[in-house]
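Student: Please read through the structure below; I'll follow up with questions.
The values are calculated or read from the model by the stated rules, or taken from the named source; none is laboratory data. Because the structure is a prediction, the values reported are computed rather than measured. When we count neighbours, we look across all protein chains shown, and the Cβ atoms used for this are built from the backbone with ideal geometry, even at glycine. With ligands, DNA and RNA removed, areas are computed over all heavy atoms of the protein, side chains included. Shrake-Rupley method; radii C 1.70, N 1.55, O 1.52, S 1.80 Å.
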Amino acid sequence: GAVVSQHPSRVICKSGTSVKIECRSLDFQATTMFWYRQFPKQSLMLMATSNEGSKATYEQGVEKDKFLINHASLTLSTLTVTSAHPEDSSFYICSALGTSYNEQFFGPGTRLTVL
Amino acid sequence: GDSVTQMEGPVTLSEEAFLTINCTYTATGYPSLFWYVQYPGEGLQLLLKATKADDKGSNKGFEATYRKETTSFHLEKGSVQVSDSAVYFCALRYSGNQFYFGTGTSLTVIP
C-alpha cells in the first residue's frame, strides 16, 4: 500500500527558531499534498494545499509567511514554521494525493513543542 | 457549506460491548464518506469508506452505511476489544479535494 512518512516525528525547539517538517510519499508520486494541524482533543484543521511546482494555497486565517510550504518534487513537501512561538505547539499531519490512486494517504504526524 | 458532525465523547465501553458512533453530514454534492482511526501518538489510518449512497464500508469488524436520506454514516461494531481504544474521525471528501473532518470521538474499552 501507499506510504507517507514525516520527519521528524517529534521536535522540541526554542521560541524564535524555525523548524522544518518533511512529508514524503515513499512509493508513489503525489501531485498534491495537504498540511493539517491538530490541537489536543480536537479535529484536524486544514492549513494549506500544495501542488508540485506551484505556490501553496492557504486556508483563511493561516499565515503564509509563518508557515512556509514548499512542494519541490512529486514525493516531497516541506512545512517550515518560522519564528516559532509556544502557541505554534501542535501536532502537524500531512497527507498526499496519489496521481494513480485518487486517494489520500496520511503521514504519521509530527509533534512540535515550542518552549 | 460542507461539514461533518459526530457524537461527542469520550465513550467508555466494556470489552465485547456494542459500539455506535453517530456521524451526520451536510454536503452540497455527493461526497465520499470515511472513518479514520487515530491511535495514541500516531497519525490517521483509514478504517473504512463508502463512495455512494447505500454503500456499506467494513473493516476489522467495523461497518458503516452511507445513508443519503438521513445524511448519516454511523460507525458500528458488534463486540469491541481493548485494542479498539482510539479516537475515531468521520470525514467527507469530494474527489481529489480536501477532507472535512468531524471533531473526533475518543473511545476507551476497558477489560
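Student: May I ask you to work out the translational diffusion coefficient for the range A:34-115 at 10 °C, viscosity 1.306 mPa s, via Stokes-Einstein with Rh from the Kirkwood sum over Cα pairs, reported in whole µm²/s?
Tutor: Values: Rh = 13.3 Å.
Rounded, D is 119 µm²/s.
Student: Scanning chain A for trypsin sites (Lys or Arg not before Pro) in DSSP loops with at most 15 other Cβ atoms within 10 Å, what's the longest stretch left with none?
Tutor: Details: sites that count: A:Lys14, A:Lys41, A:Lys55, A:Lys64, A:Lys66.
Free of exposed loop sites, the longest segment is A:67-115.
Student: Below 13 angstrom from the Cβ of A:Thr75, what's the summed charge of the other residues (Lys, Arg +1; Asp, Glu -1)? Could the numbers behind the result be given before it?
Tutor: Details: positive: A:Arg24; negative: A:Glu22, A:Asp27, A:Glu52.
Neighbourhood net charge equals -2.
Student: While we're on this one: What accessible surface, in Å², does a 1.4 Å probe find on B:Cys90, ignoring ligands, DNA and RNA and rounding to the nearest 10?
Tutor: Number for this one is 0 Å².
Student: Can you give the FRET efficiency to the nearest 0.05 for B:Ser14 and B:Tyr39, using r as the Cβ-Cβ distance and R₀ = 22 Å? Before the final figure, lay out the partial values.
Tutor: Values: r = 20 Å, r/R0 = 0.90.
E between B:Ser14 and B:Tyr39, to the nearest 0.05, is 0.65.
Student: Then there's this: Restricting to DSSP loop positions (anything but H, G, I, E, B) with no more than 15 other Cβ atoms inside 10 Å of their own Cβ, which trypsin sites (Lys or Arg not before Pro) remain in the range B:1-92?
Tutor: On the way: sites: B:Lys49, B:Lys52, B:Lys56, B:Lys60, B:Arg67, B:Lys68, B:Lys77; in loops: B:Lys52, B:Lys60, B:Lys68.
Listed in order of number, the matching sites are B:Lys52, B:Lys60, B:Lys68.
Student: Pop out a list of residues from the range B:39-71 that are at least 50 Å² less accessible with all the protein chains around than in their chain alone; 1.4 Å probe, no ligands or nucleic acids counted.
Tutor: With the partner chains in place, the range B:39-71 has these residues losing at least 50 Å²: B:Leu44.
Student: Please work through the protein assembly as shown and write down the cysteines that have no neighbouring cysteine Cβ at a distance under 4.7 Å.
Tutor: A:Cys13
Student: Got the relative contact order for the range A:44-109 handy, in percent, Cα pairs under 8 Å and 6 or more residues apart? Present the calculation step by step, with values, prior to reporting the outcome.
Tutor: Values: 77 pairs, mean separation 12.8, N = 66.
With pairs under 8 Å counted, the relative contact order is 19 percent.
Student: Sticking with this one: Just the number please: accessible area per residue for the protein assembly as shown, 1.4 Å probe, all protein chains included, in Å².
Tutor: Values: 10920 Å² over 226 residues.
Normalised by residue count, the accessible surface of the protein assembly as shown is 48 Å².
Student: Can I ask one more? Of all chymotrypsin sites (Phe, Trp or Tyr not before Pro) in the range B:6-81, which ones are in loop regions per DSSP and have a Cβ with at most 16 other Cβ atoms within 10 Å?
Tutor: Values: sites: B:Phe18, B:Tyr25, B:Phe34, B:Trp35, B:Tyr36, B:Phe62, B:Tyr66, B:Phe73; in loops: B:Phe18, B:Tyr66, B:Phe73.
Here the chymotrypsin sites (Phe, Trp or Tyr not before Pro) that fit, given the DSSP loop and packing criteria, are B:Phe18.
Student: Quick one: pull the percentage of alpha-carbon pairs in the protein assembly as shown with a separation above 22 Å. Walk me through the intermediate numbers first.
Tutor: On the way: 13293 of 25425 pairs.
Beyond 22 Å sits 52 percent of the P(r) for the protein assembly as shown.
Student: Please report the projected area of the range B:17-80's Cα convex hull averaged over all directions, in nm².
Tutor: Details: hull surface 19.0 nm².
Directional mean of the projected Cα hull area for the range B:17-80 stands at 4.7 nm².
Student: To continue, here is another question. Expressed as a rounded percentage, what relative contact order does chain A have, with Cα pairs under 8 Å and six or more residues apart? If you can, show how the numbers build up before the last one.
Tutor: Details: 294 pairs, mean separation 42.1, N = 115.
Averaging sequence separation for qualifying contacts and normalising by length gives 37 percent for chain A.
Student: How large, in percent, is the carbon and sulfur part of the accessible surface of the range B:1-90 at a probe radius of 1.4 Å?
Tutor: Accessible surface attributable to carbon and sulfur in the range B:1-90 totals 47 percent.
Student: To the nearest Å, what is the center-to-center distance of the range A:66-115 and the range B:39-111, using C-alpha atoms only?
Tutor: Centre-to-centre distance over Cα atoms comes out at 23 Å.
Student: Could you name the aspartates and glutamates in cross-link range of A:Lys55, using Cα to Cα under 18 Å and dropping any fewer than eight places away on the same chain?
Tutor: Leaving aside aspartates and glutamates fewer than 8 places away in the same chain, those within reach of A:Lys55 are A:Glu22, A:Glu63, A:Asp65.
Student: Is the shape of chain B rounded, prolate or oblate, going by the alpha carbon gyration tensor and its root eigenvalues a ≥ b ≥ c, with a/c under 1.5 for rounded and a/b larger than b/c for prolate? Walk me through the numbers before you get to the answer.
Tutor: Numbers: a/c = 1.96, a/b = 1.65, b/c = 1.19.
Prolate, since a/c reaches 1.5 and a/b exceeds b/c.
Student: Quick one: ranking A:Tyr58, A:Tyr36 by accessible area, 1.4 Å probe, largest first, what do you get?
Tutor: Numbers: A:Tyr58 55, A:Tyr36 0 Å².
Largest accessible area first, the residues go A:Tyr58, A:Tyr36.
Student: Tally Lys and Arg at +1 and Asp and Glu at -1 over the other residues with C-beta under 15 Å from the C-beta of A:Leu44: what net charge comes out?
Tutor: Neighbourhood net charge equals +1.
Student: How many lysine pairs are close in the range B:1-88, with Cα atoms under 20 Å apart and the two 8 or more places apart or on different chains? Don't skip to the end; give the middle numbers.
Tutor: Values: B:Lys49/B:Lys60; B:Lys49/B:Lys68; B:Lys49/B:Lys77; B:Lys52/B:Lys68; B:Lys56/B:Lys68; B:Lys56/B:Lys77; B:Lys60/B:Lys77.
Value for the range B:1-88: 7.
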